[in-house]
Amino acid sequence: MKSEPDVFGLTHLQKRPGGTAPWDGVRNYQARNFMRAMKVGDQVLFYHSSCEIPGVAGLAEIVGEARSDDSQFDEKSEFYDAGAKRDNPRWSLVDVKYGSTFKNFVPLTTLREQPALKKMRLLSPGNRLSVMPVTPAEFRKICELGQGK
């Protein structure tokens with residue numbers, strides 16, 4: 001899951017009550033579908049994007065499965081969607097809980113240098129999704145890098 005650290009970074013999540021927050025405002029159908037497939041207990045790599053040094057800052061966990069993102073119905077919200085219907089919501093959110101901050105921040109440049117990550121969706125040209133799956137092997141490799149192993 002990707003977020004701008006100055007808007008909502010891993011430290012913001014950590015400071016929330018219970019270290020938990022809804023992951024709202026996703027307005028891309030593919031990213032939404034990836035969220036809808038998430039299950040309670042799924043581990044999340046928390047990636048800082050659109051910043052001086054983008055990369056993986058740590059881990060979070062899914063603690064609430066997909067439900068309606070009600071900001072789609074709020075005309076005052078930046079995430080308002082005039083075409084969304086309450087009886088068939090277009091957009092979803094999941095609840096995310098802070099897990100840990102990596103001992104070593106894993107910059108995008110380091111991710112690109114790893115042969116084991118060469119097929120990672122995040123590293124594909126033009127991929128700007130805020131939510132995307134990783135394989136178990138990719139997850140393990142990034143965790144190793146983050147823990148300094």
Residue ID - surrounded by the fewest Cβ atoms within 10 Å (Cβ to Cβ), chosen from residues in the range 63-80 that are free of Cβ contacts under 8 Å to residues at least 40 places away in the same chain and of a type in the set (A, V, I, L, M, F, W, C): F73
Pairs under 9 Å by beta carbon, first residue farther than 23 Å from G146 by Cα in the range 81-104, partner charged (D, E, K, R) and in a strand (DSSP E or B), six or more apart or different chains? P89/R67; S92/R67; L93/R67; V94/E65; V94/R67; D95/E65; D95/R67
Can you tell me which of (1) crowded, with 17+ Cβ neighbours inside 10 Å; (2) farther than 17 Å from N33 by Cα is the one N104 doesn't meet? (1)
In the range 1-46, what count of residues is obtained for those that are in contact with a strand residue (DSSP E or B) (Cβ under 6 Å, 6 or more places away or on another chain) and assigned to a helix (DSSP H, G or I)? 8
All-but-one check, P54 against (1) without any contact (Cβ under 8 Å) to a residue 24 or more places away in the chain; (2) closer than 27 Å to T20 by Cβ; (3) open to solvent by less than 90 Å² (accessible area, probe 1.4 Å); (4) not acidic (D, E), failing number (1)
Would you confirm, using the coordinates I've provided, whether Q147 is in contact (Cβ under 8 Å) with a residue 40 or more places away in the chain and of a type in the set (S, T, N, Q)? yes
Only one of these conditions is not met by R140: (1) open to solvent by less than 40 Å² (accessible area, probe 1.4 Å); (2) assigned to a helix (DSSP H, G or I). Which number is it? (1)
Name the single residue that is modelled with the highest pLDDT among those in the range 119-149 being within 22 Å of A31 (Cβ to Cβ), among the polar types (S, T, N, Q) and in contact with a Lys or Arg (Cβ under 9 Å, 6 or more places away or on another chain). T135
Among what's in the range 47-84 and is of a type in the set (A, V, I, L, M) and outside any strand (DSSP E or B), pick the residue that is nearest to the chain's Cα centre (by Cα). I53
Determine whether T135 is under 19 Å from E4 (Cα atoms), loosely packed, with under 14 Cβ neighbours inside 10 Å and of a type in the set (S, T, Y). no
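The values are calculated or read from the model by the stated rules, or taken from the named source; none is laboratory data. All values derive from a computational prediction rather than experimental measurement. Reconstructed Cβ throughout: ideal geometry from the backbone, glycine too, with neighbour counts over all protein chains shown. We work out accessible area using only protein heavy atoms, side chains counted, and drop any ligands, DNA or RNA first. Shrake-Rupley method; radii C 1.70, N 1.55, O 1.52, S 1.80 Å.
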